[in-house]
Amino acid sequence: MLRQYELVDKVLGYDPAADEAMLNRAYVFSMKAHGTQKRASGDPYYSHPIEVAGILTDLHLDDETIVTAILHDTIEDTVATHEEIEAKFGPNVARLVDGVTKLSKIEAQSETERSAENLRKFLLAMSDDIRVLLVKLADRLHNMRTLHFIKNEEKRRRIARETMDIYAPLAERIGMYEFMTEMQTLAFQQLEPDAYESITKRLEQLREDGGGDLINRIARGIKAHLEAYGIDAEVKGREKHPYSIWRKMAERHISFEALSDIMAFRCIVDSVEDCYRTLGLIHQRWPMVPGRFRDFISTPKRNGYRSVHTTVIHDERMRIEVQIRTREMHAQAEHGLAAHWAYKEGAIAATTEHPWLSDLVEILDHAQSPEELLEHTRMAMYQDRIFAFTPKGELFQLPKGATPVDFAYTVHTQLGDQTVGAKINGRMVPLRTPLDNGDQVEILVSKAQHPQPNWLSFVITGKARANIRRWIKSKERVETIALGRKIFDEIVARLPAPLGWEALAEALKRLHLPDDNALMEAIATKRVDDAQVMEALLPGSTGKGVKPPPQRTAISIKGLTPGVAFTLAECCHPIPGDRIVGLRREGDAIEVHTIGCDSLADGQDADWVDLQWGEETDGGTARIVVVITHQPGSLAALAGVLGAAGANIVGLEQTARDGSFHTFALDLEVHDVEHLMRIIAALRATDAVSSAERL
Ligand code: MN
């Protein structure tokens, strides 16, 4: 146990301005207050708070924190009162001791609601003054160190479990890795004694196999390698902790033997540049293991942790993990937040860490008076954040000002979407109510509910905002599509012929739209007009450009001497727009054929005349073959389409009857080829028509 003068000297050693008298008063006060109380170890009780204070002096914490540690169990376990402590040690210490006492009381609560409730109070205390948490963590660490003195196994296991679940993660959260590691090791030993023993034994074995000094030899090798390139690094090696080995074995379902990286090395160098040079030199000398490289210097962890991590295959095919960092990063990594609380000569090095850390450094650097510092020590590393709980005790972190809707979306998107109401700490509240730290939030849901646009006026989290917006957008689309479908139905009703399934698919192709929802959207938003839709569904149906069918053909053909007789061949029925050729035989009228006509093969005896349609030419008779399904109304549908398209039927002949299909040859009076093509397209779009071809 630390003696009084040893403790005081330690504090004065790093903080010459510390209140020596106060430290002495606290030591005596605690000793007297705890009197003859004993620890499970048989030691006098007051040895515990003194040891806790000792742990905190290693972190160079300020005198108020040290005094708080010395007094931390007095209110709880002795007759000492808050008033007494305030009178003797001032309001700051009294407040801090109260904070620690509050936490300790919760510890003693029933086990069932323990973890959630604890965690909640913890975080509350933490956001009030971080020093309360530091004392509490040191308290827990010392209790873990002395855990083996407790006889009741169940109690030991409960404390170990609590340490593993709550305190070690908290230590990690504020970057105190030394605390975390020691707590985990001690808790692991208690919770999994067999595993602990087996891993410890195997580690020993490994040390012996390696000639006892393997770690140091490797470390020296790394140091020499770096030195050869002009980098002066402090290289330390260590075995991984039994618990982290155990966790890795459990996570990867592998045996100890299969676990190749159980040694870790740390290279501490002077500058960030040296960190990266060191990394390069190590990768150059030993092959890196893919997928294990992490750069926490360029992207620090949330708690401010910075280092470069890599794993390489060292000689003898052994994997080793290497962490590279600067001295400053190292101090912070070991002691986390406490490193910045530490009183040091001069200013604490400027940092580029996580914002709350720099804020803290700033405060410590610039606080002029103790009062001002006190004001700021009530700061919160979580000032911009709050914590809220589900009814089951799950903890969620939200930005300050978050509402129950933000909370619901943070828990689960679906929960957010279906929120209809909320209870905070059991009371119904409006959804726009900002949450307070520690609130328990119960979200009331309905399957029929969906996100409300007005939520956007009060939610503050990105997730809530994005989900509400997405929903509104999709809802708008649904409505737009419904409107489009209504208009579409009206358009279809105006068409001269009923539509088939094919018609819609064809129309989508013509309009370059992916599906019918896109079509409905396009219609509703007027990106396509009615006429375009009608045209696409049933080409020629708009009547646009459809003139009454010509009564007489008015044909003029270029390339013929005016007045020369010609006939349009019966075999191919040329119409304006077709490419044509004339056959001239002695004494006959010139026969005009389409250029693709089969009968041209018989025209070897004739003169071929190159012909073109005259510009004024309008009308011709085309022959098409249409196959319709044999069912009532098919012919009427056919006639309807033709009528709507402005085509005159001048000949109709049934040429085949094949089961359920009837084939017709039709002679149609049309304006020109384009007109004919539209008619054929319209026919093909009709359900009753199975095929339509120009002969
Ligand atoms: Mn204690």
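The values are calculated or read from the model by the stated rules, or taken from the named source; none is laboratory data. Predicted, not measured: the structure shown is a model, and the values here were computed from it. Positions of Cβ are backbone-derived with ideal geometry, glycine not excepted, and every protein chain shown enters the neighbour counts.
For this structure, a couple of remarks:
- The set of residues in region 186-205 that are polar (S, T, N, Q) and either at pLDDT below 85 or buried (at least 18 other Cβ atoms within 10 Å of the Cβ) (or both) comprises GLN189, GLN190, GLN205.
- Residue that is farthest from LEU2 (Cα to Cα), among those in region 62-79 that are in a loop (DSSP other than H, G, I, E, B) and within 16 Å of the ligand (Cβ to nearest atom): THR78
- Looking across region 453-481, the residues that are farther than 30 Å from PRO434 by Cα and touching a residue at least 12 places away in the same chain (Cβ under 8 Å) come down to ARG477, THR480, ILE481.
- Of the criteria (1) under 45 Å from the mean Cα position of the chain (by Cα); (2) under 26 Å from MET180 (Cα atoms); (3) not small (Gly, Ala, Ser), which one ASN92 fails: (2)
- Residues (over 20 Å from GLN414 (Cβ atoms) and of a type in the set (Val, Ile, Thr)) located in region 461-494: THR480, ILE481, ILE487, ILE491, VAL492
- Exactly one residue among ALA26, ALA40, ALA21, ALA53 is in a helix (DSSP H, G or I), within 13 Å of the ligand (Cβ to nearest atom), of a type outside the set (Ser, Thr, Tyr) and in the same structural domain as ASN143 (by TED's automatic domain parsing), and that residue is ALA53.
- Residue match in region 82-95 (condition: touching a residue at least 40 places away in the same chain (Cβ under 8 Å), within 14 Å of the ligand (Cβ to nearest atom) and under 30 Å from ALA331 (Cβ atoms)): no
- Qualifying residue in region 125-146 (condition: more than 16 Å from the ligand (Cβ to nearest atom) and modelled with pLDDT of 90 or more): no
- Flag set for LEU415, criterion: touching a strand residue (DSSP E or B) at 6+ places or on another chain (Cβ under 8 Å) and assigned to a helix (DSSP H, G or I).
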